Amino acid sequence: MSTFNKRAFVNFSDEWEHIESQYVGPFATRIVHRRPDGTVDARTSRRHRKHFGSDPGPKAKKQGHKYLIWRPRSLNWWIALLFMIGSWHFISGSVFVLAGSSYAYLIDLIYFIGSIFFTSAGYSQYYQAINAPEALDENGRPLAAKKRRYLGWQPHRLDFWATFPQFIGTLAFNVSTFMAFASVEWLGYDLLVWVPDYVGSILFLVSGIAAVLEFCHRLWCWRLNDLTWWFIIINFIGCVAFMISAFAAFVRPNPIFNNLTTWSVLFTLIGAVCFFVGAYLMWPEMAQEEAA
């Protein structure tokens, strides 16, 4: 029977020789081993939760660019699709507002439906992270988990912080967009709509920062030739845009600037476009992994 050594986010076979580990604070983000056959196996936190296996290297990643794929059996494919649908609703709602549409109920409904798709995608991503393989056999294949988790608390893993805050943030957006249907004065609007929107934006930003740290293995990196880097950075920019939008959305009885609402909607649009593009890039990323 194989025995295992616990290293951060996964148990490795004790037949593997540990070479190095990279950390961001207390979180391991990359672990390198040498297998008994002499091959080097590099596992990263993000690739592990995405079920992409060991890092094939930059040369292998350059193979294959399929920009439209059909993989309904893949959770990664559904996460991308759900984020794209949710983003498209936020894009549509923002465009209607900026165009001066008077259909306030329809716009609020579009935003609320979009938030539901965001929550579905956010939970799927969180579910994927907490059910990442717990152990690998001597050949690097994931061992079957003892049981499936639907909720979990794993604060010792950076991939948890890259997914869990975003999922909770989407729930806050559900509250914010639903409460937007209510007809209330400025104080009621700030309490019922702005506060959950602000909290959700903070949580999105936390998840965006964690995703950058998880991928770069440090505070920042430049990898312009890496498709995954573009996905991570574009999503991070989207988180920042949502945060700016939340700042500008605060309502006062005597507003300091008359056009803050417009700026808030504009940055919501920018954030939604970023999330749409970032989610879409998950498809060619999957194609790259298949080719590698």
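Any residue at all in segment 117-137 that is farther than 30 Å from S54 by Cα and outside the structural domain of D41 (by TED's automatic domain parsing)? Looking for residues that are farther than 30 Å from S54 by Cα and outside the structural domain of D41 (by TED's automatic domain parsing), one finds at least one in segment 117-137, hence yes.
Within this structure, A172 fails the test of being over 19 Å from A248 (Cα atoms), crowded, with 21+ Cβ neighbours inside 10 Å and within 19 Å of the chain's Cα centre (by Cα).
Is there a residue in segment 185-192 that is touching a Pro at 6+ places or on another chain (Cβ under 7 Å) and not in a helix (DSSP H, G or I)? Within segment 185-192, not a single residue is touching a Pro at 6+ places or on another chain (Cβ under 7 Å) and not in a helix (DSSP H, G or I). Checked against the criterion of being in a loop (DSSP other than H, G, I, E, B) and in the same structural domain as A172 (by TED's automatic domain parsing), the candidates G100, G86, G93 yield just one match: G100.
With respect to (1) over 30 Å from A287 (Cα atoms); (2) in contact with a Pro (Cβ under 7 Å, 6 or more places away or on another chain), the lone exception for S245 is condition (2). Let me confirm something: among F178, F204, which residue is within 16 Å of the chain's Cα centre (by Cα), at pLDDT 95 or above and either assigned to a loop (DSSP other than H, G, I, E, B) or within 26 Å of S87 (Cβ to Cβ) (or both)? Residue meeting the stated conditions: F204. Condition first: surrounded by fewer than 18 Cβ atoms within 10 Å (Cβ to Cβ), under 29 Å from Q22 (Cα atoms) and either modelled with pLDDT of 90 or more or within 16 Å of the chain's Cα centre (by Cα) (or both). Can you find one or more residues in segment 89-107 that meet it? No, every residue in segment 89-107 fails to be surrounded by fewer than 18 Cβ atoms within 10 Å (Cβ to Cβ), under 29 Å from Q22 (Cα atoms) and either modelled with pLDDT of 90 or more or within 16 Å of the chain's Cα centre (by Cα) (or both).
The values are calculated or read from the model by the stated rules, or taken from the named source; none is laboratory data. This is a predicted model, so every value here is computed, not measured. Cβ sites come from the backbone with ideal geometry, for glycine too, and all protein chains shown count toward neighbours.
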